[in-house]
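First the structure, in the form of structure tokens, and then the observations on it.
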Amino acid sequence: MSCLNRKDWKRASMPEPVNHQVNAARKTFQTLYQISKLLNTNLDPTTLSICIRLCENGVNPHALATVVKELQREVKAMNDAQLESTASKTSVRSASERDQV
């Protein structure tokens, strides 16, 4: 046991059915993530994992999808407003610099 690091020791001590379940869950998640990417959901693995857990705990998937889309829309609007604000400050600064010359 002294030659195994902690992670390897845990894996070696895990019963075979549990290890198989972990591998199956990992493969299932990877497949769901690939589908998510193909559908252009823009969900990172962490967010997708949270959504999956919410659905497993009884959250209505349609309602969850609606909330996620709305949050993504709001984030985009905030980012666009911030970019627009930065661009307008830059153009005002450039105009005032031209006026000084």
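The values are calculated or read from the model by the stated rules, or taken from the named source; none is laboratory data. From a predicted model like this one, the values you see are computed outputs, not experimental measurements. Backbone-built Cβ (ideal geometry, glycine too); neighbour counts: all protein chains shown.
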For this session: Check the stretch 52-61 and report whether any residue there is without any contact (Cβ under 8 Å) to a residue 12 or more places away in the chain, outside any helix (DSSP H, G or I) and of a type in the set (D, E, K, R).
Result: no
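Check whether at least one residue in the stretch 9-18 is among the hydrophobic types (A, V, I, L, M, F, W, C), at pLDDT 95 or above, part of a helix (DSSP H, G or I) and farther than 21 Å from Val75 by Cα, and report yes or no.
Applying the first criterion (among the hydrophobic types (A, V, I, L, M, F, W, C)) to the stretch 9-18 yields 9, 12, 14, 18.
Filter once more, keeping what is at pLDDT 95 or above: none.
No: the stretch 9-18 contains no residue that is among the hydrophobic types (A, V, I, L, M, F, W, C), at pLDDT 95 or above, part of a helix (DSSP H, G or I) and farther than 21 Å from Val75 by Cα.
Let's see how each residue does on (1) outside any helix (DSSP H, G or I); (2) loosely packed, with under 10 Cβ neighbours inside 10 Å; (3) of a type outside the set (Val, Ile, Thr):
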{"residue": "Ala25", "(1), (2), (3)": "no, no, yes"}
{"residue": "Phe29", "(1), (2), (3)": "no, no, yes"}
{"residue": "Leu43", "(1), (2), (3)": "yes, no, yes"}
{"residue": "Ile50", "(1), (2), (3)": "no, no, no"}
{"residue": "Val68", "(1), (2), (3)": "no, no, no"}
{"residue": "Lys76", "(1), (2), (3)": "no, no, yes"}
{"residue": "Ala81", "(1), (2), (3)": "no, no, yes"}
